[in-house]
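The values are calculated or read from the model by the stated rules, or taken from the named source; none is laboratory data. The shown structure was predicted, so the numbers you read here are calculated from the model rather than taken from an experiment. Every residue, glycine among them, receives a Cβ derived from its backbone with ideal geometry; neighbour counts consider all protein chains shown.
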Amino acid sequence: MAEIVIPIGPQHPALKEPESFRFTVDGEVIVDAEVRLGYNHRGIEKACESRPYMQCLYLIERICGICSHTHATAFAQGVEKLLGLEVPRRALYIRTLVGELERIHSHLLWLGVAGHEVGFDTLFMYSWRDREAVQDILEIISGNRVNYGINTIGGVRRDIDAEQSAKILALLDPLTQRTNYYANVVQSESTFVGRVKGVGVLPKDVALELGTVGPQARGSGLTMDVRKDDPYAAYGEIPFEVATSDLSDVLGRAIVRVLELLESYKIIHYTLTHMPDGPITIKAPKKVPEGEAVSRYEAPRGENLHYIKSNGTEMPERVKVRAPTLANIPSLMHILKGSYVADIPIITAAIDPCFSCTDRMIRLESAGKSGAQTKTWEELRQYGIRWYADGARR
Amino acid sequence: MPHQTLEELSTAFAAVFGRGIEEKAPRRLWTEIGAARNQEALAWLKKTGFLHLAAITGVDLGDRFELIYHLVKAGSVLSVKCTITKENPDLPSVTGVMPAAILYEQELHDILGIRISGHPDLKPLILPEGWPEGVYPLRKDWVVPDGGVNSG
Amino acid sequence: MSLASLIKWARLKSPWVVHYNTGACNACDIEIVAALTPRYDIERLGMIAKASPRHGDVLLCTGPVTKQSRDRLLRIYEQMPDPKFVVAVGSCACSGGVFNGCYSMSGGIDSVIPVDLYIPGCSTRPAAIIDGLAKLLAAFDTGKPVGFGIGAAPSLSEEPDKGGNNHASPNA
């Protein structure tokens with residue numbers, strides 16, 4: 001049988017270029033998968049070695065615009081450990097609050113993207129509309145809808161007042177109601193369920209072996225959540241449940257994210273009703289004594305790990321960032337092998353990848369035949385929708 | 001038989017690998033091994049419950065490279081260090097023991113030029129295409145040219 | 001009504017937008033997508049996001065142009081038919097932003113292709129994106145400079161210049 005290679009890469013069809021994902025296909029089934037990143041590589045780790053810690057903080061916050069607080073907090077935490085600083089409790093609570101607001105906006109964003117990938121655009125429009133309420137709150141608290149800049153080394157830069165607190169609390173009930181609606185949709189709306197149930201199966205032991213993290217891991221029954229296992233910020237004091245699903249498929253991952261939304265509302269409620277008094281920051285020296293720190297954070301996508309090595313100067317010796325998406329790519333590649341071409345968009349979306357997926361090109365090359373076909377990601381998405389509508393899946 | 005306390009774990013580890021495991025901060029454990037025994041050490045630690053390989057850090061210390069395997073068990077991070085020389089930056093792959101290492105080792109090869117032996121496929125992972133061979137940006141002796149802007 | 005003024009009217013009422021991320025952190029990209037959603041809804045201004053450059057009037061670029069994306073950016077630009085307009089969305093697209101000084105960067109969209117409109121921000125909020133695009137549309141109509149950033153607005157004259165290009169000379 002002729003094997004077809006499908007590379008998924010950035011925009012251009014006719015140029016020979018390295019792709020981000022390369023698939024070998026036999027008919028409708030993926031036989032092999034390879035990955036090459038570098039599209040978004042910006043040399044941030046190297047840049048940190050020649051910048052003072054505060055500048056590093058601003059740079060690191062911009063590793064990813066969807067989970068910027070994740071990286072900023074992880075970095076600040078690491079430096080604070082190296083400095084031996086005891087960050088004020090009120091600051092830890094505010095960091096937690098912003099972190100959960102970020103989780104909410106990220107998961108609602110994901111819900112919309114997942115809906116879009118399977119042709120369920122109503123879900124996309126609804127969830128992004130609800131998400132706007134969260135963006136408003138983030139803007140009220142921090143001044144920006146994304147890249148909030150709430151952190152400093154030693155605490156946070158802005159306080160929460162009673163009015164802001166009341167606004168956030170008022171939002172939680174409507175959001176809970178909307179999320180219960182989404183919980184119902186993802187589990188019972190046949191257009192959605194038909195595209196995710198039994199799709200992209202990742203067994204629990206394989207997930208663990210491959211270093212999987214976040215909802216991708218919890219959706220396969222792994223109870224791992226840095227907030228619970230290795231508490232940071234205020235999580236050690238806040239009661240909440242870790243969401244898991246034993247379904248081990250894309251539906252399981254969707255359910256985990258929806259359950260996490262509901263837990264986030266509870267965590268936010270707790271932080272606002274138990275907000276400690278006191279300062280929001282402690283002064284941090286510019287020079288950081290020699291040492292090493294490992295800082296972890298449960299980002300919306302999973303475990304984020306920062307390693308920082310200091311050398312007694314104002315600039316780090318080494319900053320290493322292992323973002324959650326990288327940890328989830330091996331399991332993604334594993335899942336794709338043996339899956340249908342039509343499922344590529346939703347399986348990829350299910351890891352909630354932190355790179356722009358909207359402008360990927362797919363090339364179909366036939367090993368034994370002449371002529372090549374080119375498809376855009378959009379065309380592959382449409383292909384998947386039609387393939388399922390025609391009842392092709394066995 | 002799982003080790004009950006950190007002290008037991010440390011003693012048992014030291015008996016095999018020559019150095020104990022130290023808790024330098026809450027839930028942050030550290031140890032060091034010889035680089036040639038990395039597969040053996042990770043396999044040993046895996047049996048005691050360190051099942052999650054979170055990341056592998058590579059550091060250029062000037063006269064040598066330091067590799068750090070960050071393993072996780074029940075919320076504690078055990079960072080296992082080893083060093084290799086700059087003249088012969090060779091390191092055995094641990095993918096046979098911990099398949100999660102696959103991309104982390106590729107990254108070490110890309111940015112530091114660490115030669116990982118036994119890795120399934122060491123092709124470039126994160127550097128842009130057209131990046132010159134033999135240029136390893138995270139090495140200390142490589143400086144960002146022209147301040148970085150319009151560098152090619 | 002001449003063909004040229006019909007085309008001009010159609011462009012004014014319904015520019016087709018191509019969105020390309022040259023290595024951005026995604027913040028500006030999700031704000032561009034947010035502009036499509038009910039709160040902001042750029043479709044009511046007639047703007048539609050199109051995947052193919054061959055159908056695009058306006059190229060919305062984000063990101064500091066990593067080395068890996070530089071050639072692609074050029075190819076996309078070349079594929080778009082004239083007249084075409086390039087919008088740099090976000091500080092990174094305008095000038096490289098915080099990533100100035102990092103290796104593997106080109107440093108802003110105009111280091112590769114000419115830019116007609118710069119919309120700064122880190123990230124650029126949807127309202128600013130719509131405001132910038134509305135100014136661009138106004139410039140289509142009057143031929144006056146947009147008044148935002150360095151690039152001068154192109155004019156939809158009936159005779160394109162010899163290069164088939166309606167741009168003021170780029171600073172690249």
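Can you find a residue that is in a strand (DSSP E or B) and either buried (at least 16 other Cβ atoms within 10 Å of the Cβ) or among the charged types (D, E, K, R) (or both) anywhere in segment A:270-283?
Within segment A:270-283, one or more residues are in a strand (DSSP E or B) and either buried (at least 16 other Cβ atoms within 10 Å of the Cβ) or among the charged types (D, E, K, R) (or both).
For B:Glu66, state whether it is touching a residue at least 12 places away in the same chain (Cβ under 8 Å) and of a type outside the set (S, T, N, Q). Yes.
Taking the conditions (1) assigned to a loop (DSSP other than H, G, I, E, B); (2) within 14 Å of chain B (Cβ to nearest Cβ); (3) closer than 18 Å to A:Trp110 by Cβ in turn, A:Thr244 satisfies each one other than (2).
When the test is whether a residue is within 15 Å of the chain's Cα centre (by Cα) and part of a helix (DSSP H, G or I), C:Glu78 passes it.
For segment C:14-32, taking the residues that are within 24 Å of B:Pro128 (Cβ to Cβ) and in a loop (DSSP other than H, G, I, E, B), the one that is farthest from the other protein chains (Cβ to nearest Cβ) is identified as C:Thr22. Of all residues in segment A:103-136, those satisfying the criterion of being farther than 18 Å from A:Ala350 by Cα and either out of contact with any Lys or Arg (no Cβ under 6 Å at 6 or more places or on another chain) or among the basic types (Lys, Arg) (or both) are A:Thr122, A:Met125, A:Tyr126, A:Arg129, A:Arg131, A:Ala133, A:Val134, A:Asp136. From the list B:Thr48, B:Thr57, the one residue that fits, being among the polar types (S, T, N, Q) and free of Cβ contacts under 8 Å to residues at least 40 places away in the same chain, is B:Thr57. Are any residues in segment C:33-73 away from chain B (no Cβ under 14 Å), in a loop (DSSP other than H, G, I, E, B) and within 25 Å of C:Ala139 (Cβ to Cβ), and if so, which ones? Residues satisfying the conditions are C:Ala35, C:Leu36, C:Tyr40, C:Asp41, C:Gly46, C:Met47, C:Lys50, C:Ser52, C:Gly56, C:Asp57. Being touching a Pro at 6+ places or on another chain (Cβ under 7 Å) and among the aromatic types (Phe, Trp, Tyr) is the filter; apply it to segment A:30-82 and report the residue that is nearest to A:Gly384 (Cα to Cα). Among those residues, the one meeting the criterion is A:Tyr39.
Okay, residues lined up against (1) within 19 Å of the chain's Cα centre (by Cα); (2) not in a helix (DSSP H, G or I):
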| position | (1), (2) |
| --- | --- |
| A:Arg178 | no, no |
| A:Gly194 | no, no |
| A:Val206 | no, no |
| A:Thr212 | yes, yes |
| A:Gln216 | yes, no |
| A:Met224 | yes, yes |
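Any chance segment A:204-216 includes a residue that's within 14 Å of another protein chain (Cβ to nearest Cβ) and either closer than 30 Å to A:Lys283 by Cβ or among the polar types (S, T, N, Q) (or both)? Yes, segment A:204-216 contains a residue that is within 14 Å of another protein chain (Cβ to nearest Cβ) and either closer than 30 Å to A:Lys283 by Cβ or among the polar types (S, T, N, Q) (or both). Annotation: of all residues in segment C:10-42 being touching a Leu at 6+ places or on another chain (Cβ under 8 Å) and at pLDDT below 75, the one that is surrounded by the fewest Cβ atoms within 10 Å (Cβ to Cβ) is C:Leu12. When we screen A:Glu292, A:Glu241, A:Glu303, A:Glu260 for residues that are modelled with pLDDT of 95 or more, surrounded by fewer than 18 Cβ atoms within 10 Å (Cβ to Cβ) and outside the structural domain of A:Asp352 (by TED's automatic domain parsing), the only hit is A:Glu241.
Scoring A:Ile347 on the criteria (1) outside the structural domain of A:Gln216 (by TED's automatic domain parsing); (2) surrounded by fewer than 20 Cβ atoms within 10 Å (Cβ to Cβ) leaves a single failure, condition (2).
The condition (being buried (at least 24 other Cβ atoms within 10 Å of the Cβ), at pLDDT below 95 and either outside any loop (DSSP other than H, G, I, E, B) or not assigned by TED's automatic domain parsing to the domain that holds A:Glu292 (or both)) is satisfied by just one residue among A:Ile94, A:Ile30, A:Ile60: A:Ile60. If you check A:Val118 against the conditions, is it of a type in the set (A, V, I, L, M), under 20 Å from the mean Cα position of the chain (by Cα) and more than 14 Å from chain C (Cβ to nearest Cβ)? Taking the combined requirement at face value, the residue satisfies it.
Taken over segment C:83-112, the criterion of being of a type in the set (Val, Ile, Thr) and either surrounded by fewer than 23 Cβ atoms within 10 Å (Cβ to Cβ) or part of a helix (DSSP H, G or I) (or both) is satisfied by C:Val98, C:Ile109, C:Val112. Among the residues making up segment C:101-130, those that are in contact with a strand residue (DSSP E or B) (Cβ under 7 Å, 6 or more places away or on another chain), away from chain B (no Cβ under 14 Å) and over 22 Å from A:Cys67 (Cα atoms) are C:Ile113, C:Pro114, C:Val115, C:Asp116, C:Leu117, C:Tyr118, C:Ile119. Return yes or no: is A:Gly43 at positive phi, within 21 Å of the chain's Cα centre (by Cα) and at pLDDT 70 or above? Answer is yes for this residue. Scanning segment B:38-72 for residues that are crowded, with 16+ Cβ neighbours inside 10 Å and away from chain A (no Cβ under 12 Å) gives B:Asn38, B:Gln39, B:Glu40, B:Ala41, B:Leu42, B:Trp44, B:Leu45, B:Thr48. Do we have any residue at all in segment A:197-204 that's part of a helix (DSSP H, G or I) and at pLDDT 95 or above? Within segment A:197-204, one or more residues are part of a helix (DSSP H, G or I) and at pLDDT 95 or above.
For segment B:113-127, the set of residues classified as in contact with a strand residue (DSSP E or B) (Cβ under 6 Å, 6 or more places away or on another chain) and either within 11 Å of chain A (Cβ to nearest Cβ) or among the basic types (Lys, Arg) (or both) consists of B:Arg115 only. Residues of segment A:284-314 that are aliphatic (A, V, I, L, M) and under 24 Å from B:Leu61 (Cβ atoms): A:Val288, A:Ala293, A:Val294, A:Leu305, A:Ile308.
Here's the yes/no breakdown for (1) hydrophobic (A, V, I, L, M, F, W, C); (2) farther than 20 Å from A:Pro324 by Cα:
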{"position": "A:Ala207", "(1), (2)": "yes, no"}
{"position": "A:Val226", "(1), (2)": "yes, no"}
{"position": "A:Pro239", "(1), (2)": "no, yes"}
{"position": "A:Val250", "(1), (2)": "yes, no"}
{"position": "A:Ile255", "(1), (2)": "yes, no"}
{"position": "A:Met275", "(1), (2)": "yes, yes"}
{"position": "A:Thr281", "(1), (2)": "no, yes"}
{"position": "A:Val288", "(1), (2)": "yes, yes"}
{"position": "A:Gly291", "(1), (2)": "no, yes"}
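Only a single criterion out of (1) under 12 Å from the mean Cα position of the chain (by Cα); (2) closer than 19 Å to A:Thr212 by Cβ; (3) facing chain A (nearest Cβ under 8 Å) is not satisfied by B:Val77, namely (1).
In a residue-by-residue description of segment A:312-319, the property of being at the interface with chain B (Cβ under 10 Å from one of its Cβ atoms), assigned to a loop (DSSP other than H, G, I, E, B) and within 30 Å of the chain's Cα centre (by Cα) applies to at least one position.
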